[in-house]
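Engineer: Once you've had a glance at the structure underneath, I'll fire off some questions.
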Amino acid sequence: MAHNSERKHWLSVLAKAPPIYFHELYDQLDQVWEYDVLRAAEIGAVMVRGAMGGSGDTFNLGEMTITRCSVKLREGSVGHGYVQGRDKLKAERVAVLDALLQTQSAPQLMAQVIGPLQDYMHKSRRDTAQKAAATKVEFFTLVRGED
């Protein structure tokens, strides 16, 4: 059984993964799993809250659309998928992968899905940071020698 921190990590990676790349990796898996849908994929909204300065007073930032789904594999493990937006297929697939990552298939799926998604997202963030750094302007002030 996975530790909570491991599960939190892979659920974060799966939820934040770009849908096109996520579906591409999922489709490359050469296996079909049997599962029962406990909660069909449904679209809803959540209130996003912020905090002043990251740790100060909280405030309502606004609503965000999410899609959630829960499944149970035939061997018993339960998986949940919560994703931003309205992608019902992604929510269901995240739930299936969450359940599978709690089984003996975890090492294989970590290598085939989670690892490549992490690499892709790290590269994407690095590329964005490099583009932003290229436009960075540094201001400086000359000190005048006033008497």
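Computed from the coordinates by the stated procedures, all read-outs in this text should not be read as laboratory data. In this text, all values refer to a predicted model and were calculated from it rather than measured experimentally. Neighbour counts run over all protein chains shown; Cβ positions are idealised from the backbone, glycine included.
Engineer: Give the relative contact order (percent, whole number) for the chain; include only Cα pairs under 8 Å separated by 6+ residues.
Structural biologist: On the way: 205 pairs, mean separation 32.3, N = 147.
Relative contact order comes out at 22 percent.
Engineer: Also: Can you give the translational diffusion coefficient of the chain in µm²/s, computed by Stokes-Einstein from the Kirkwood radius over Cα pairs at 4 °C and 1.567 mPa s? Show your work: numbers first, answer last.
Structural biologist: Working: Rh = 17.9 Å.
It diffuses with D of about 73 µm²/s by this estimate.
Engineer: Which distance in Å, rounded to a whole number, links the C-alpha centroids of segment 1-58 and segment 108-147?
Structural biologist: Centre-to-centre (Cα) distance: 24 Å.
Engineer: How large is the Kirkwood hydrodynamic radius of segment 8-62, counting all unique pairs of alpha carbons, in Å? Each step should come with its number before you reach the end.
Structural biologist: Numbers: mean 1/r = 0.0663 Å⁻¹.
Answer for segment 8-62: a Kirkwood hydrodynamic radius of 15.1 Å.
Engineer: Which ordering of Arg125, Arg144, Arg7 is given by a fewest-first count of other beta-carbon atoms within 10 Å? Present the calculation step by step, with values, prior to reporting the outcome.
Structural biologist: Numbers: Arg125 10, Arg144 5, Arg7 16.
Sorted ascending by nearby Cβ count, the order is Arg144, Arg125, Arg7.
Engineer: So what is the 222 nm mean residue ellipticity for the chain from helices alone, if each DSSP H run of at least 4 adds -39500 (n - 2.57) and you divide by all residues, rounding to the nearest 500 deg cm²/dmol?
Structural biologist: Numbers: 5 runs with 60 residues, N = 147.
Helix contribution divided over all residues of the chain: -12500 deg cm²/dmol.
Engineer: In debye, nearest 20: dipole of the chain around its Cα centre with unit charges on the Cβ of K, R (+) and D, E (-)? Write down the numbers at each step before the final one.
Structural biologist: Numbers: 18 positive and 18 negative charges, 20 e Å.
Charge dipole, the chain, about its Cα centre: 100 debye, nearest 20.
Engineer: Determine which lysines satisfy two conditions relative to Lys136: a Cα distance under 23 Å, and not lying fewer than 8 residues away in the same chain.
Structural biologist: Partners found: Lys123.
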